Amino acid sequence: MNKISILLVDDHAILRKGLRALIEPHADLEIVGEAADGAEAIARVNELLPDVVVMDIAMPGINGLMAARQILQAHQQMRILMLTQYDNREYVLPLLKMGVAGYVLKQTVDSDLVAAIRAVAGGKSYLDPTVTRLVLDAYLHDEPVEDTYSLLSDREREVLILVAQGHTAREIAELLHISASTVDVHRAHIMQKLNLHSVAELSAFAVRRRLIRE
């Protein structure tokens, strides 16, 4: 029997241990590696080429959204299952649009994780019911015009999160493989589009939208 190979990505070692405890009793599943952040996840995917990547979203530095985008750019057929406590549309909709295969909430991981892994490994999609309702609502109703977050590009959203996490322009440049001056330009555009006037206001915005942990 060919086992489904899995890479676990979460910045909390205790959670990774808990996920192992859920997965390892199943004979058809095999954990081939772990990663503690998005940058390590990208490297481990390139090294291991797992069947399924189970990845948290809210991680310091390169978070799950950024890592998923880079992974799928390099490996279009990679099956990524996002695992998070958040069901906000700021994360869900961009992830689904870029080709992420599934979305499981941490609140339901005990009952849903194994079924979700098997589903996405088999070429299907898997969405938590809460996320399904969010997606249907987004499909049936246009995104509000007053939602300024929707004005940001994918790159601007990445820079927003990293600035809100407290990274300097030079650190962001290294993480995203762009120049520090380009980071400054993105930050200026972000503040203009969101009508924000300081890094503190930008960070408060990110917390309100649950883009980063408090």
Hits in the range 22-48 (condition: crowded, with 18+ Cβ neighbours inside 10 Å and in a helix (DSSP H, G or I)): ILE23, GLY38, GLU40, ALA41, ILE42, ARG44, VAL45
Against the definition (touching a helix residue (DSSP H, G or I) at 6+ places or on another chain (Cβ under 6 Å) and part of a helix (DSSP H, G or I)), how does ALA204 come out, yes or no? no
Close pairs (8 angstrom Cβ cut-off, 6 or more residues apart or separate chains): touching a residue at least 12 places away in the same chain (Cβ under 8 Å) in the range 54-65, basic (Lys, Arg) and open to solvent by 10 Å² or more (accessible area, probe 1.4 Å) anywhere: ALA58/ARG213; LEU65/ARG157
Number of the exception - VAL109 against (1) among the aliphatic types (A, V, I, L, M); (2) buried (at least 16 other Cβ atoms within 10 Å of the Cβ); (3) more than 12 Å from the chain's Cα centre (by Cα); (4) within 23 Å of SER153 (Cα to Cα): (4)
Quick check on my filter: what residues within the range 49-89 are open to solvent by 30 Å² or more (accessible area, probe 1.4 Å), within 22 Å of PHE205 (Cβ to Cβ) and part of a loop (DSSP other than H, G, I, E, B)? PRO60, GLN85, ASP87
If you check ARG170, ARG155, ARG118, ARG133, which single one turns out to be basic (Lys, Arg), in a helix (DSSP H, G or I), over 17 Å from ALA58 (Cβ atoms) and modelled with pLDDT under 75? ARG133
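The values are calculated or read from the model by the stated rules, or taken from the named source; none is laboratory data. Model, not experiment: these values are computed from the prediction. So basically every Cβ, Gly included, is an ideal-geometry build from the backbone, and we count neighbours across all protein chains shown. Protein only, heavy atoms only, side chains kept; ligands, DNA and RNA dropped before computing areas. Shrake-Rupley method; radii C 1.70, N 1.55, O 1.52, S 1.80 Å.
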